[in-house]
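Here's the structure, in structure tokens; my notes come after.
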Amino acid sequence: MCGIVGYCGQKRAANILLEGLKRLEYRGYDSAGICVGTGTDLKCVKKKGKIRVLKGIVPQDMPGTFGIGHTRWATHGEVNDINAHPHLDDSGKIAIVHNGIIENYLSLKEMLISEGYEFKTETDSEVIAHLLVDRYDGDLEKAVRETVLLLKGTFGIVAVHADEPGKMVGARNGSPLVLGIGDGEMFLASDVTAMMAYTKQVVYIEDGEVVSVDCDGFRTSDLKDREIAKQVDHIGWELEEIEKDGFTHFMEKEIHEQPESISRAIRGRLNLDTATGHLGGLNLSIKELHAIERVKIIAIGTSYYASMLGAYLMETVARIPAMAEVASEVRYKNPIVEMNTLYFVVSQSGETADTLYAMRELQRKGATVLGVCNVVGSTIARESDGGVYIHSGPEIAVASTKAFTSQVTVFYLFTLLMARMRDMSLDRGLEIAKALQNVPDQIRHIFSMGNLIRDLAIKYSWVENFLFLGRGIQYPVALEGALKLKEISYIHAEGFSSAEIKHGPIALINEKTPSVFLVPDDALRDKVISNLKEVKARGGKVIALMV
């Protein structure tokens, strides 16, 4: 959840770093800090708490035209001022910010302590600063390259040195890092939103690459110091898209953006003449699509629940065996790649580490892997064998909303494509295609019931536990609903198949634990209503959503 921003140019760096960190607040964090180079030394200010607290203690006239900033989400060491980033070495000459986890930090720390280095924090990141000073001989880029060769784990790193003013050096392995090219100024960040107020020209840094940046340009190389030519990409988003635009918070805004985001996911991809989907980015011929005997979808979190729904669609509508798997499990289980099996990896950001590594492992074993992503130019989008952009626009809220519904939309389109190639009739295809077109207006209708929904939330605001229950295609929706409630409100919530309620969950039913039932308008309706009555018989409160 951490965020990185770095700047070098002619402007006051502290102001730009603070603004960049403010735009990264959506990622979640517990402390923040900046370090600015004055030309002779480094000045570091960091603080537990919100960025506004940090801003209050940063001198308004803080000098310096280059520096780095960071928002931390604690993984090693408690939340306090000392453990906040940036981290300085003992001499105060080198400062670093780091996203990710250094898995071998304990052995590196023991080695450094034996060599006389003193540690001030409890973090894994501090080892990077000491390793850099140990290897520094006047060339920061060289020191970074030698240091990252010693690290195991995931990292996005940016380092500065007081003796090399105006210079930043970054490196990545599994944690995003992007370079921004401005007019006489350069940026490094973990997310393009940190720099969009200044530039839309970006270069995506790949795993195993080191980038050296100053006001005049940049140089990218691999870990053997072989120079790499990079493509400059253009960010398609507008600055206004990452503003709240009158909404109370980003999640509220993004909930209300769903009609348009779903329309964008459909636009140009639905052929009503043939009642089929059109997904040109799949990079598969009709013959190759016909040869698919099985589909596996790899994802994590919200994207996993969208993938479960997608797998259900493919089996029930297109009659193709399909399943969704959790990316973190696939990554470490030595997966078996089957013949005539198509793999999807799904990630809003296109940078989800477990999903990315699972994709690479599948590709190493000969799988054809397609990406379903939102962020154009992301690592999964670049490294997959083809795929589909969901075109949701920037998703700033920590809890995914419009990405989920857009991912589901893409799976409907793919299912329609595959079903029409096989045994689905034109009439049935048209029925599904027109139903998809109607979804944005149906969501707008739900927004018209905002007061009713708000009253319902207030009515149950005292509750500490919720159950979400659904069957068939609504089961993954129930799981997603429970996830949203717990990650936004910190209220305990669990999702289950309503068919499974008698096999354990019913023991949790009481008047203080409401159950949210998703009641479908299909063959499972009566069965779900029967499950609902079981809850009522136990004295449980029921919130029924007719879907």
- Query: What number of residues within the stretch 265-281 are buried (at least 20 other Cβ atoms within 10 Å of the Cβ) and farther than 22 Å from Asp423 by Cβ?
  - Reply: 2
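Look through the stretch 105-124, keep the residues that are in a helix (DSSP H, G or I) and not charged (D, E, K, R), and return whichever of them is farthest from His70 (Cα to Cα). It would help to see each step written out before you state the result.
Here is the first cut: in the stretch 105-124, the residues in a helix (DSSP H, G or I) are 105-114.
Restricting the remaining residues to those that are not charged (D, E, K, R) gives 105-108, 111-114.
Details: Tyr105: 20, Leu106: 23, Ser107: 25, Leu108: 23, Met111: 27, Leu112: 24, Ile113: 26, Ser114: 29 Å.
Only one residue tops the list, namely Ser114.
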- Query: How do the helices (runs of 4 or more DSSP H) wholly within the stretch 205-314 filter down when requiring 1 or more residues that are without any contact (Cβ under 8 Å) to a residue 24 or more places away in the chain: which remain?
  - Reply: 250-256, 286-290
- Query: Which one is modelled with the lowest pLDDT among residues in the stretch 79-95 that are surrounded by fewer than 18 Cβ atoms within 10 Å (Cβ to Cβ) and more than 24 Å from the chain's Cα centre (by Cα)?
  - Reply: Asp90
- Query: If only one of Met186, Met168, Met195 is crowded, with 24+ Cβ neighbours inside 10 Å and under 19 Å from the mean Cα position of the chain (by Cα), which one is it?
  - Reply: Met195
- Out of all the residues in the stretch 463-480, which are touching a Leu at 6+ places or on another chain (Cβ under 8 Å), within 21 Å of Glu254 (Cβ to Cβ) and not hydrophobic (A, V, I, L, M, F, W, C)? Pro476
- Query: Looking only at residues in the stretch 11-27 that are basic (Lys, Arg) and either over 15 Å from Leu188 (Cβ atoms) or without any contact (Cβ under 8 Å) to a residue 24 or more places away in the chain (or both), which one is surrounded by the most Cβ atoms within 10 Å (Cβ to Cβ)?
  - Reply: Lys22
- Message: I'd like the residue in the stretch 142-165 that is farther than 20 Å from Tyr105 by Cβ and more than 29 Å from the chain's Cα centre (by Cα) and, out of all such residues, is surrounded by the most Cβ atoms within 10 Å (Cβ to Cβ).
- Response: His161
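Restricting to the stretch 395-453, give me the number of residues that are part of a loop (DSSP other than H, G, I, E, B), of a type in the set (Ser, Thr, Tyr) and assigned by TED's automatic domain parsing to the domain that holds Gln258.
Result for the stretch 395-453: 3.
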- Task: Assess whether Ile235 counts as being surrounded by 14 or more Cβ atoms within 10 Å (Cβ to Cβ), touching a strand residue (DSSP E or B) at 6+ places or on another chain (Cβ under 7 Å) and farther than 30 Å from Thr341 by Cβ.
- Result: yes
- Item | Val127 more than 16 Å from Ile68 (Cβ to Cβ), free of Cβ contacts under 8 Å to residues at least 40 places away in the same chain, in contact with a strand residue (DSSP E or B) (Cβ under 9 Å, 6 or more places away or on another chain) and in the same structural domain as His70 (by TED's automatic domain parsing) | yes
- Message: Among the residues of the stretch 6-48, what is the count of those that are among the small types (Gly, Ala, Ser) and farther than 24 Å from Gly92 by Cβ?
- Response: 1
- Item | Any chance Thr40 is under 25 Å from the mean Cα position of the chain (by Cα), in a loop (DSSP other than H, G, I, E, B) and of a type in the set (S, T, N, Q) | no
- Taking the stated definitions as given, is Gln407 under 26 Å from the mean Cα position of the chain (by Cα) and among the polar types (S, T, N, Q)? yes
- Subset of the stretch 339-361 [surrounded by fewer than 24 Cβ atoms within 10 Å (Cβ to Cβ), touching a strand residue (DSSP E or B) at 6+ places or on another chain (Cβ under 6 Å) and farther than 26 Å from Asp233 by Cα]: Thr341
- Message: With among the aliphatic types (A, V, I, L, M), at pLDDT 95 or above and over 19 Å from Pro440 (Cβ atoms) as the only criterion, which of Ile300, Ile266 stands out?
- Response: Ile300
- Quick check: anything in the stretch 129-139 under 28 Å from Leu24 (Cβ atoms), touching a helix residue (DSSP H, G or I) at 6+ places or on another chain (Cβ under 9 Å) and assigned to a loop (DSSP other than H, G, I, E, B)? no
- For residues that are touching a Leu at 6+ places or on another chain (Cβ under 7 Å) and either among the small types (Gly, Ala, Ser) or part of a helix (DSSP H, G or I) (or both), tally how many sit in the stretch 503-530. 3
- Item | Among (1) more than 28 Å from Ser530 (Cα to Cα); (2) in contact (Cβ under 8 Å) with a residue 60 or more places away in the chain; (3) not acidic (Asp, Glu) - the single one Lys484 does not satisfy | (1)
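The values are calculated or read from the model by the stated rules, or taken from the named source; none is laboratory data. What you see is a predicted model; the values in this text were computed from it and never measured. Don't worry about glycine lacking a Cβ; one is built from the backbone with ideal geometry, like all the others, and counts go over all protein chains shown.
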